[in-house]
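Working notes, beginning with the structure itself.
Values quoted throughout were computed directly from the atomic coordinates according to the rules given, and no laboratory measurement underlies them. Note that the coordinates shown come from a computational prediction; the quantities given were computed from them, not determined experimentally. Quick reminder, even Gly has a Cβ in these numbers, built from the backbone with ideal geometry, and neighbours come from all protein chains shown.
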Amino acid sequence: MFDDIAPVYDRMNTIMTAGGDGRWRRAAVEATELGSAGSAIDVACGTGKLSVALADRVGPFGRVVGVDLSAAMIGYARATTGDIVQLEFSVANALDLPFDDATFDVATIAFGLRNLADYEAGFRELARVVHPGGRVVCLELSVPRPRIWGTVYLGTFRLLAPLVAGLFARGRTYRYLPASLEGFPDPATLTGTMIRAGLRDVGYRRLALGAVALHVGIVGPG
Ligand SMILES: C[S@@+](CC[C@H](N)C(=O)[O-])C[C@H]1O[C@@H](n2cnc3c(N)ncnc32)[C@H](O)[C@@H]1O
């Protein structure tokens, strides 16, 4: 599915979020607290928007690796992000990252977690490749509270996502998007998942009136 939408993914995102996705990614970059010459892995990087923002933050002496399961997304990321010396992309599964333990200062995942078959295993794998004291940052869609507003939001999303995607001849594919949110854990439950995966000092903030949640956890014993 992600191979199919790679060429239109960024434009669809901007329309569906009314430009909000850029702001949310900037908040995720801030939450990494990465310094100059730091290192990060951006898992489920898609077309590489967050990876580029991270590369910008760490500068030319840093290192950012964007990985994604979709070869088309990685191909698109490589073709569109230009020549940034501290940035590389590769095809890899979030649940089995081809990196040694404690390789990076930070691991990020943006709008990718809900695609994984096992969220706890996903966080455990992100934490594994980050050194103790480093950060795992997760940006993900969420269902707003209170429940009545959440129901209205999901209903609207279910109608609008395929309509907007229809503009790009991807309407059928994009029925998946709201469906992937149904049953997805709320931010407090996801905090528990991160703690069970071995992260500590886990906290989150809601963005976009609760339609997005930004979680941060620290790797290793306190
Ligand atoms: C909604 S996109 C998010 C892309 C990007 N992070 C962003 O912020 O726009 C979800 C991405 O997760 C990737 N993905 C799904 N399952 C994956 C897995 N098991 N391992 C790595 N990437 C995966 C998809 O290929 C897709 O590019």
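Most tightly packed first, judged by the mean number of other beta-carbon atoms within 10 Å of their residues, the peptides 94-107, 120-133 read 120-133, 94-107.
Spatial offset of segment 111-163 relative to segment 1-56 amounts to 14 Å, using the alpha carbon center of each.
Considering Cα pairs under 8 angstrom that are at least six residues apart, work out the relative contact order of segment 160-203 and quote it in whole percent.
Numbers: 22 pairs, mean separation 10.0, N = 44.
It rounds to 23 percent for segment 160-203.
Computed over segment 90-150, relative contact order equals 40 percent, with contacts defined as Cα pairs under 8 Å that lie 6+ residues apart. Of the residues GLU33, GLU182, the one with the fewest other Cβ atoms within 10 Å heads the list, and the complete ranking is GLU182, GLU33. Screening the chain for whole DSSP H helices of 24 Å or more along their axis (Cα) with average Kyte-Doolittle hydropathy at least -1.0 returns 147-167. For the chain, the percent of C-alpha pairs falling in each 10 Å distance bin, counted from 0 to the bin holding the largest distance, reads 8, 35, 38, 17, 2.
Here r is the Cβ-Cβ distance between ILE15 and VAL85 and R0 is 35 Å; the resulting FRET efficiency, rounded to 0.05, is 0.60.
Please go through segment 1-70 and write out the chymotrypsin sites (Phe, Trp or Tyr not before Pro) that DSSP classes as loop and that have at most 13 other C-beta atoms within 10 Å.
Passing both the DSSP loop test and the Cβ count: PHE61.
Of the residues MET16, MET194, MET73, which exhibits the maximal mean-square fluctuation in a Gaussian network model of the chain defined by a 10 Å Cα contact cut-off? Top of the fluctuation ranking is MET16. Our summary gives the chain a relative contact order of 19 percent, counting only alpha carbon pairs under 8 angstrom and 6 or more residues apart. When the charge dipole of segment 150-222 is built from unit charges on Cβ atoms (+1 for Lys and Arg, -1 for Asp and Glu) and taken about the Cα centre, the candidate among VAL212, ALA165, GLY150 whose Cα reaches farthest toward its positive end is ALA165. Sorting the segments 34-44, 196-206 by their mean number of nearby beta carbons within 10 angstrom, highest to lowest, gives 34-44, 196-206. Counting pairwise Cα distances across segment 81-189, what percent come out greater than 20 angstrom? Roughly 55 percent, once rounded to a whole number. Both radii are taken from the alpha-carbon atoms of segment 1-126; with Rh as the Kirkwood radius, Rg/Rh is 0.93. Placing +1 on each Lys and Arg Cβ and -1 on each Asp and Glu Cβ, with no other charges, gives the chain a dipole about its Cα centre of roughly 800 debye.
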